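Every number in this text was worked out from the coordinates using simple rules, so none of it is lab data. Predicted, not measured: the structure shown is a model, and the values here were computed from it. We place every Cβ from the backbone using ideal geometry, glycine too, and count neighbours over all the protein chains shown.
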């Protein structure tokens, strides 16, 4: 594959279709149903169900991502509807996802302006904070996947500071409240113990996997800091330099709609994930998943999260 970047105008044929979107949703829903059915059985079958359900939860996160970009379906209305369902499985309100993730794409490359990376801007950290980060990263405790959700998509005070329009705020509160009511209803109907047994390990497994997937995308890559100055966002086509692609096995990449092709996604965010491999370009920062994970896990968590390879000396 060539190193010359295609122009966005050359990729207009790579557009979403409703047929592809419904096929994907059917597969993810089927995986979820299979996982739940297996998880209702005892012993080894239950364990197998947790693995299948864990995969399904990651798939729902990917579906949420696609719907937020209006790239799962050709229809915006269907993207909105399915995105809310996916958000329930991913524990992320759709309205906050759509707005925050859009701002992430706008400000990728400016660490203090991207709402998903601004907490990682270099600063003095307390010893306890550094210790917690080091232990969680070393032991694969999914701290980041949890904090990522809470700080970026559930922290209404922070969201209100970012989005001041009344329509935005109404949607943010509405979608968050809808999920809270849904989760409360499930806890009341099934009981917390039954829910924990049925889906608890699967949720944990999905968070552990998402911890690695999410952190692999931009962490420890040199970024700019605006220091409060007025700056221009980097165009999408130039965001490759601030992004990493964690290459998964082909079968898993397909099941996750090529969520691992993150550089291509940032360069061409209008292309559906399930068509990203149709882009005739090899990104510069793509790395095999196991190779990267082994290298990254050797780095102390505080160095990995709060520094970058130009300051730490770690080439990951």
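Just a few scattered comments:
- Mean separation of Cα contacts under 8 Å, 6 or more apart, over the residue count of region 91-169: relative contact order %: 31 percent
- Ranked by the mean number of other Cβ atoms within 10 Å per residue, highest first, peptides 223-231, 305-313 order as 305-313, 223-231.
- Mean separation of Cα contacts under 8 Å (6+ apart) over length of the chain, as relative contact order %: 24 percent
- Taking a ≥ b ≥ c as the square roots of the eigenvalues of the Cα gyration tensor, the chain is classed as rounded, since a/c falls below 1.5.
- Helical contribution to [θ] at 222 nm, DSSP H n ≥ 4, -39,500 (n - 2.57), averaged over the chain, rounded to 500: -19000 deg cm²/dmol
- Label-point separation in nm, residue 196 to residue 17, each point 7 Å along Cα→Cβ: 4.7 nm
- Taking the square roots of five times each eigenvalue of the Cα gyration tensor of region 107-233, the equivalent ellipsoid has semi-axes of 30, 23, 12 Å, listed largest first.
- Note on residue 280/residue 121: beta-carbon distance plugged into 1/(1 + (r/R0)^6) with R0 of 25 Å gives a FRET efficiency of 0.10.
- Projected area averaged over orientations for region 164-291, convex hull of C-alpha atoms, nm²: 11.7 nm²
- For the pair region 18-63 / region 91-148, the C-alpha centres are spaced 27 Å from each other.
- Region 262-316 - Rg over Rh from alpha carbon coordinates, Kirkwood radius: 1.08
- Taking a ≥ b ≥ c as the square roots of the Cα gyration tensor eigenvalues, region 208-278 comes out oblate, since a/c reaches at least 1.5 and a/b does not exceed b/c.
- Taking every alpha-carbon pair within region 1-126, the share separated by more than 23 Å comes to 51 percent.
- Cβ-Cβ distance of residue 156 and residue 312, R₀ of 25 Å, FRET efficiency by 1/(1 + (r/R0)^6): the value works out to about 0.10.
- Shape category assigned to region 72-139 from the gyration tensor of Cα positions, a/c cut at 1.5: oblate
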